[in-house]
Every structure is written in C-alpha cells, then in structure tokens.
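Beneath this line is the structure, given in structure tokens, with notes to follow.
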Amino acid sequence: MNMKKNKGNIIQFPKLRERLLERGIEALQAKQYREALRFFYEADDIEPNDPEVELSIVVCLFELGELEEAKQRCQLMLQDGRGDDIQLLQIYLSILIHLQQYEQVEETVQAALQKRALPSSVREHFTRLLHLSQKMSEHPLPFSDNEDIRLLTESENAADHMKVIEQLENEDITPILPVLTQYLTDESYNPITKTMILRLLTLKQVRDTVTIKKFGDTMTVIPAMLDESIETHFAADVLQLLEHHLASENPSLYEIAAHIWLRYVYILYPFSPTQTSCKQWAAAVHTVACQFQGVSIPIEEIAQLYHVSLEDIKPLCKKLYEIEEISYLK
C-alpha cells in the first residue's frame, strides 16, 4: 500500500503542516485510520523524518493491517535513532508478534535487555515477551490465535485477559499451553485471571505439571488432578458461621460478608486460606463487611461474638483488605 503523494503535488500554504497534523490526529482518535494516514503522509512530505509523524504513520499502518510496511518503518527509525527508543521498540515488538516472527522478537528483546538501561516495568514486560517468543518458536500458533496471544501478553488490562480466557473455554487450548503456563508463573499478572486460567486447565483436563505463583508463594500442580473439595468445605463452614450470626439479623450485611469471603477464596486458589479456625475467619470477614457497609460496631464485640481474640482476627482482616484492593479489575 502506498498512499504517499509526491511533494510537488502539495502547495505549501502557511501552517499547512500543522493543520494536516491536527486533522490526522483527529482522524486517528476517531479510528479513521485510512483518512489519518493520508494526512500524516502529506505532513511527512512537507517535513520528512519527524519522529512524531513517522510514529503516527506506523500506528495507522498497523491498524490497517499493513504490517510489513509498518515493520520496515520501525526498523528504519530504530536504526537511525529517531524518536523514543523504548516506545518504538514496544511498537516494533507488537508488530513482530502479530506477524508471528518470534525469532526476531527473541533477538530484539535480548539485544534490548543487554544494551539498554530500561525502567523496571519495561524490563519485566520485555522479559515476558522473551519467554513467550522462546515458547512460540518451539510451538507456533495458528494465525487465528494470534490476537488472543497479543492481548494476554501485551494488554495491561485484566478485563481484556478475562475475555480471552472465557473465549478459550470453547476452544482447543493445546497450541497456547506454553503461553498459559508461563502466565501462571508471572507475578505481575492479576491473581484473579490466574485462577481463571488454572480452572480452565482443569476443565480441559490438562495433565502436565504447571507452576503457579501468587502473593509470593509458589505451588506446582497437575490441573486435571486438582480437588477443590477441601477449600470448598472450609469456605462453606465459614459461610455457615456468618449465616448463623448475620442472615436473620442483617441479611444485606450477610450478603456482603459472603461475597467478600467467596471472592477471597477464589482469588487465593489453589492456595488455601491461612490455617486458622473457621471462627477466626468468620470474625474477620464480619469485621471487614461492617466497615464496607458503614456499620459501626467495635471489633472487640465481633471478636467476642465468635469467641476469638482480637489478635487472632486483625492479621486476617489485613489479608482480606489486600485482596479487596486488587479484586477490581483495571
């Protein structure tokens, strides 16, 4: 595709380039990529080699599916040192992944990790891409799976990850098992989506050994052999205590408490809640639910209600609060 116009075809009115850029940005924001590309090409004709314009052209080409041309432009910009090096690298790697050119991804990431001073977040992201590219070089994916892989590895939005995982319930996940197992070991990913992936592997009766890391803890499991009965019984016992003390007196508070507890157990899976008594956990959940609901009741009174000590439930409340902070997907 080549929509670029010859320089001689443009009459350079005052501030023409600025107006072209404005219109290009407006079209880009409106996702009118072909129209935006036309404006950026004309602006590039007036003043070539501007990093901002060239990057905008690359974005348009990428969105229009002109991946090879987008790749070539990125390569030239990186070679010439034009623009934000890290931002260019990230876009370039996205293009390579979309093209399933995993060997080039591996080479590019290794060079970046060795030669460049990178922010820790970028280094972590590049390290994930390196693991992915190594796995994908061994087990190439069908093209139809590429978009899912890109969302799982590049998007920082856990809600995007949830959508992909839910879609995989009705698909053959064998080609992307390396990606899913790598996901489970990466502490930077949301524990909720890790639970979803592990349950997906159980649903698909995956009999390979996988390792999952959450909250600084590590566990190795065989998904097909996981038994949730222990966690389910323990969770049910805590719910029974909460129901006994809350369901009749304050049904809405009971619903909140039950939701907090079940969400905690779900996010923690396959790890179990700290091995303390059901009474201690019920008292902690009751306390947190009261604070969320705005119910004013001394924590000492709740501790007495469940016949536990204040020292027993305070650390459990802290764990529940920590889970609540991460439970809202971003």
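The values are calculated or read from the model by the stated rules, or taken from the named source; none is laboratory data. Since this is a predicted model, take the numbers as computed values, not measurements. So basically every Cβ, Gly included, is an ideal-geometry build from the backbone, and we count neighbours across all protein chains shown. Note: accessible area is taken over every heavy atom of the protein model, side chains too, but ligands, DNA and RNA are not part of it. Shrake-Rupley method; radii C 1.70, N 1.55, O 1.52, S 1.80 Å.
See the values below:
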| quantity | calculated |
| --- | --- |
| Per-residue SASA entry for THR211, accessible area with 1.4 Å probe, Å² rounded to 10 | 40 Å² |
| Accessible area, probe 1.4 Å, largest first, for residues SER56, SER120 | SER120, SER56 |
| Accessible surface of the chain [probe 1.4 Å, protein heavy atoms]: carbon and sulfur percent | 49 percent |
| Estimated dipole of the chain in Debye, rounded to 20 [Cβ of Lys and Arg +1, of Asp and Glu -1, Cα centre] | 500 debye |
| More than 23 angstrom apart: percent of Cα pairs within the stretch 32-130 | 26 percent |
| Residues GLN114 and LYS314, FRET efficiency given R0 of 45 Å [Cβ-Cβ distance, rounded to 0.05] | 0.45 |
| Kirkwood-Stokes translational diffusion coefficient of the chain, alpha-carbon pairs, 10 °C, 1.306 mPa s, µm²/s | 68 µm²/s |
| Extension gain (nm, one decimal) between ARG150 and ASN250, 0.36 nm per residue minus Cα-Cα | 31.4 nm |
| Unit charges at the beta carbon, dipole of the chain: most positive-side option, ILE46, THR287, THR185 | ILE46 |
| Nearest-20 debye value, the stretch 141-291 charge dipole, Cβ charges on Lys, Arg, Asp, Glu | 380 debye |
| Net lengthening on full extension, GLU63/GLU228 (0.36 nm per residue, minus Cα-Cα) | 55.1 nm |
| Area of ARG150 that stays accessible when all protein chains are in place (1.4 Å probe, Å², to 10) | 50 Å² |
| Over 22 Å between alpha carbons, listed pairs LYS279/LYS314; LYS214/LYS279; LYS279/LYS318; LYS31/LYS71; LYS194/LYS319 | LYS214/LYS279 |
| Estimated distance in nm for a label pair at ARG34 and GLU171, the labels positioned 7 Å out from Cα along Cα-to-Cβ | 2.7 nm |
| Per residue value of the accessible surface for the chain (all protein chains in place, 1.4 Å probe), Å² | 52 Å² |
| MET219-PHE271 pseudo-label distance in nm [points 7 Å out on the Cα-to-Cβ vector] | 0.9 nm |
